[in-house]
1. Of all residues in the stretch 472-520, count the ones that are among the polar types (S, T, N, Q) and closer than 25 Å to ILE324 by Cα.
2. Could you check GLU510 against (1) free of Cβ contacts under 8 Å to residues at least 40 places away in the same chain; (2) under 30 Å from LEU672 (Cα atoms) and say which number it fails?
3. Which residue is farthest from PRO230 (Cα to Cα), if the candidates are limited to the stretch 368-417 and must be assigned by TED's automatic domain parsing to the domain that holds LEU338 and of a type in the set (Asp, Glu)?
4. Can you find a residue that is polar (S, T, N, Q) and either out of contact with any strand residue (DSSP E or B) (no Cβ under 7 Å at 6 or more places or on another chain) or surrounded by fewer than 19 Cβ atoms within 10 Å (Cβ to Cβ) (or both) anywhere in the stretch 219-232?
5. Can you tell me which residue is modelled with the highest pLDDT among those in the stretch 53-72 that are in a loop (DSSP other than H, G, I, E, B) and more than 17 Å from LEU657 (Cβ to Cβ)?
6. Need at least 3 residues that are closer than 16 Å to ALA121 by Cβ and touching a residue at least 24 places away in the same chain (Cβ under 8 Å) per element, so show me which strands (runs of 3 or more DSSP E) inside the stretch 146-218 make the cut, counting only ones lying wholly within it.
7. What number of residues within the stretch 598-620 satisfy the criterion of being within 16 Å of ALA555 (Cα to Cα) and either assigned to a loop (DSSP other than H, G, I, E, B) or β-branched (Val, Ile, Thr) (or both)?
Amino acid sequence: MTQQTQSGDPYLWLEEVEGDKALEWARTQNTVSLARLEGDPRYEDIRAAAEKIRTASDRIPYGQIIGDEVRNFWQDDTHVRGIWRRTSLESYQSESPQWEVILDLDALAETEGENWVWKGASCLAPDNRHCMVNLSRGGADAVVSREFDAQSGRFVEDGFYLAEEKQSVSWIDADRLFVASPHAGGSKNTSGYARTVRIWQRGSDLAAAETLFSSAETDAFTFPVVIHRPEGTELFISRAPDFFHETLYHVGSDNKLTELALPDDANFQGLFKGRVIALLRSEWTVGDVMAPAGAVVSLPLDDLLKGTASSMTIIAKPTDSMAIEGVQIGRDAIYVALLDQVRGRLAKAQPTAEGWTLTDADLPKTGNVSIVSGSGFTNTLLVNFERFLEPDTLYLIDETTAKPIKAMPARFDASAYEVAQHFATSDDGTNVPYFLIRAKDTAMDGSTPTILYGYGGFEISLTPNYLSPLAIEWLKQGGAYAVANIRGGGEFGPRWHKAALNENRPRAYEDFASVARDLIDQGLTSAPHLGIYGGSNGGLLTGATMVRNPELFGAVVSAVPLLDMLRYHKLLAGASWIGEYGDPDIPAERAWIETYSPYQNVSKDVTYPPVFFTTSTRDDRVHPGHARKMAAKMMQQGHEVLYYENIEGGHAGAANLKQGAMRDALIVTWFLQELKDAD
């Protein structure tokens, strides 16, 4: 039985994102939290150290290879909002690239009196001169899209322009855009995203543009997709009823739509020389070829346009310990990013008469591999490699030869620390891996302040990335840091994700609690010294685990969280996540959601560890009302709660690098007060 019904919710007024009363409440809580945390003598040193790392001039300037140049978006303590810039590929490989500024966002924001946050640019391949620059006010997902000439470095007078909305555009050619926007006669879905797809001709009104497709109002997403390759250009429309299902339509030269005969849970990756590349979420048999869930396959586009899948070739398939993390399609090869026991590999796949051959790229082992840049017009890739205690190295890859071209200096002396992978046993007997980073001389007497971080949703994998400024500062303060690879994530492919989907969501919380118990049982820490931390779905994870297992923890941080799971689908983008959590409006599904929804299950009669909620007013993805209402309710019940709301920042919780450093310092200081000072 839950603690309350929705009709009796006394905190609904906190869902008014910019309501005067709600913002006054948030600012009052900020005054309390900042006085406590910024007043701690350790805070400023932690904040300054985190800012120094985040704004360091010797960070790797990750970029996209565009022909013979590289484009990069850069922020530092001078360029707080950032600059979009370019250099030649040859210069990029040098120690001191010669950058040319394309767009200065700080100068633009000052001139226009706007709080602009960069949200990327969509440019027309292969020369990428014609661009639609996406700008957000304060970091929200909704963007203003403005045509920009990357050659002249100027916005195009009387060019394409879309006012602020959740929308997407792709270039068909220099005079046509493929647009999903609710403006000018378009419409949006229940999650606030555009659901009308049109072709917009230069010089005409968007309202007069031909509508090719309108998705159902309850669909999660509708995207226009344009694929430019040396062989030509193809248009598609992706209709996604939820995050994990998709119907793909091909747009013919006469604008006629043809549905492709793919499984509805296949993940379209793109085109390669006339073949559709897809990542499967379920087993699929075509002819005498059976591809397992998690496999990458190729199928002739011409066959699919005839309404059938007559032949299929497996490019790569998973094993019990290995999953396919992603695909990058190049001009003459496909690169497949793999996770083997949560450690990265990169393989080059090339078609032969007998199928596809895979050759591993010449990269270091047992770390995290991520593809930074690649396109259908080149065989050259930029690939990043890192480990928890080893900073990033950027490699230039031609074929399978990896040439290191940039390396980030270490941000702390890692020689005193070690990393180990452990396995905890969950309630149903499943082995759940996690990584533990700690000092080599840590006393195993249960006294080590420890942060356990997790996510566990949406097929997202937590891999061995170089430690964040938050984690570094925590280690330097004498703490240990653990990262849990619980079910719901993508560490072992679709099966790992599906194991905690919908009615099985509590498995993620059981896995997280099992890792906590393992940390305690091995003697590293104890409940008063163990804290948990997560953001977004990870904020739900920590909130739900706190309510289910309060005895395991000494402190909790729930950042930009979902918490009222009986109303999440009615708040901002929440309806788009029904495929992950279920639909509270369906009684059978509501019943399982009620069992774990933190907002409904928190009780005044239970003793919970102190909890710190953080969110952002400008987060138009996860509604700030989740954190607001949970904090207010727990305060009323008499629990120890701290709350901080960044008045800008979007779903990341920070609009720039300095705000990110402040967030790091607030969280580290909170954990120090609750886990280390507890002695």
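The values are calculated or read from the model by the stated rules, or taken from the named source; none is laboratory data. Only a predicted model underlies this, so the values are computations on that prediction, with no experimental measurement involved. In this analysis, Cβ positions are derived from the backbone assuming ideal geometry, glycine residues included, and neighbour counts consider all displayed protein chains.
1. Matching residues across the stretch 472-520 total 3.
2. (1)
3. The residue in question is GLU390.
4. Looking for residues that are polar (S, T, N, Q) and either out of contact with any strand residue (DSSP E or B) (no Cβ under 7 Å at 6 or more places or on another chain) or surrounded by fewer than 19 Cβ atoms within 10 Å (Cβ to Cβ) (or both), one finds none in the stretch 219-232, hence no.
5. ASP68
6. 168-173, 176-180
7. 8
Each row is one residue, and each column tells you yes or no for (1) outside any loop (DSSP other than H, G, I, E, B); (2) in contact (Cβ under 8 Å) with a residue 12 or more places away in the chain; (3) touching a Gly at 6+ places or on another chain (Cβ under 6 Å).
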position: ASP427; (1), (2), (3): no, yes, no
position: MET444; (1), (2), (3): no, yes, yes
position: GLY456; (1), (2), (3): no, yes, yes
position: LEU470; (1), (2), (3): yes, yes, no
